[in-house]
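Here is the structure we will look at.
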Amino acid sequence: MKTTVLVVPPMTSEERYGPFHRIMGRGNIRPHLGLLSIGAVLKKAGHQVHLVDGLASQLSPEETAREVLRKSPQVVAITAYSLSVFNAAEIARRVKEASDRVLTVIGGPHLTAIPEETMARFESFDVGVIGEGEVSIAEVVEAADVAELRSIKGLIVRDGERLHLTGSRPLIADLDSVPFPAWELLEGFPRRYPLKRIRYRQYPVGDMCTSRGCPCACTFCDKAVFGSCFRTFSASYVIEAIDRLRELFGVREIMFKDDMIMLKRERLIEICERLLERYWGLTWTCMGRADCVDPELLKLMRKSGCWQISYGIESGNQALLDAVHKSLSLEQTEHALEITREAGISPRAFFILGLPFETEQTIRRTIDFAKRAPLDDINVGLLTPFPGTRMYAEADAHGTFERDWRKMNKFRAVFVPFGLTRETLERYLKRFYFEFYGRPNILMKQMRLLLNRPS
């Protein structure tokens, strides 16, 4: 049995939100579902597992490393996005300085997308886990030496000055074989994981991801970890997991984090029907795709407790959507928003400014589209070509791209389409929010949400 510490690296509000950090404050901080799943696998295998969440605890990298070392770990496994990989490396460096016998492991979307570049840049990582981590990390923890590590699929292993890719590991075919997330590892959950008041109807809120993989081909999305093969947890698994959240933590609302929860319509219907059977009184939110909804499905979702659906609209310009392979028409999107509203569910949307071929005129049309659409809430960011996306490879053909991982937070213009400037993009980002939320009807809807009243 080995002691493993799982780590979420910290980030300051300025790192996360750039010029918006004073407005956003701490922002929304949610549990890391990937680490909770890995923690459950390791606990099932008989290992001692701890989780140090530097982000939720508002620690510095130095303080996070001290918390990790207090657990006397033999293995330290850190997850990281591009934005947080520097802090992850700093934690690993401090851990190695204190004890070079500790095995430091890095995983997550950034490492998966560019494993060799990441490992070469940060020498404090001993091993990188590529892709889904549950099976790989269990074998890593049990390995006795570098030779054994090199025999495990799905890794990049440091052996002296050399790096070894060990070959790809198949995706997990039966997701129900994965234990329920180890929510008990979260110190202070749910209190330490705040949400903005307008993002929930009931508290506490628990997060779930009921599927993995996305078959869509959007050039700005990173599918490095879960791939394009769409796989789901069964409805029975989902309901039992929700029941655990209710019993252990009193959770009254679920935030489904799936990109494509609606893709298997019959499974979603079964989940809704089982929620209704239990009379739990749960409320829930999810993300949606415009070509996957219909009035009958939306009515059932609303009846089972769904109060908000967030759609990825991205732009109000069809030509720009086609350029990034969105595979949706604006007519489909407008219809989905209308029938969502008619079903009594609050429509929310994601938009991206700075797509290839963007101009001031197309930005203006997107803002106007958002204002006339039946939307209650929006999330707007700047196009960020993350490692692992098709856009990362193609960005230079469409504009200027600053490949600075520290700035990849969707609020700094690291990519600027030809014909625009960084200042223009960042100015329009602020204007978008101001114009959308500055209207009296939207202000009233936001007040209703704050007061926890139906729209």
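Readers should treat all values here as calculations from the given coordinates under stated rules, not as data from a laboratory. Predicted model only: the values in this text are computed from it and were never measured. Cβ placement follows ideal geometry from the backbone for every residue including glycine, while neighbour counts extend to all protein chains displayed.
When only the Cβ of Lys, Arg, Asp and Glu is charged (+1, +1, -1, -1), the dipole of the chain relative to its Cα centre reaches about 1440 debye. With 0.36 nm allotted per residue and the present C-alpha distance subtracted, the residue 303-residue 243 stretch has 19.7 nm of extension available.
For residue 371, the aspartates and glutamates whose Cα falls under 15 Å of its own Cα, not counting residues fewer than eight places away in the same chain, are 314, 334, 338, 435.
Sorted fewest first by neighbouring Cβ atoms within 10 angstrom, 363, 130 come out as 130, 363. Here residue 72 and residue 403 are evaluated by their C-beta separation; at R0 = 51 Å the FRET efficiency comes out at 0.85. Considering all C-alpha pairs of the stretch 3-165, those separated by over 23 Å amount to 33%.
On full extension, the segment bounded by residue 172 and residue 450 gains 96.0 nm, given 0.36 nm per residue less the C-alpha separation. With each label modelled as a point 7 angstrom along the Cα→C-beta vector, the residue 123-residue 192 pair spans 3.3 nm.
I'm spelling it out carefully: the read-out is percent of Cα pairs over 41 Å apart, the candidates are (i) 31; (ii) 16; (iii) 46, and one was derived from this structure. Which label? Recomputing percent of Cα pairs over 41 Å apart here gives the entry labelled (ii). Pairs from the table (43/71; 407/430; 2/43; 257/445; 264/299; 257/430) lying more than 20 angstrom apart at Cα are 257/445; 257/430.
The charge dipole of the stretch 3-165, taken about the Cα centre with unit charges on the Cβ atoms of Lys, Arg (+1) and Asp, Glu (-1), comes to about 460 debye, rounded to the nearest 20. In plain terms, the residue of 285, 166 with the fewest other Cβ atoms within 10 Å comes first and the most crowded comes last, giving 166, 285.
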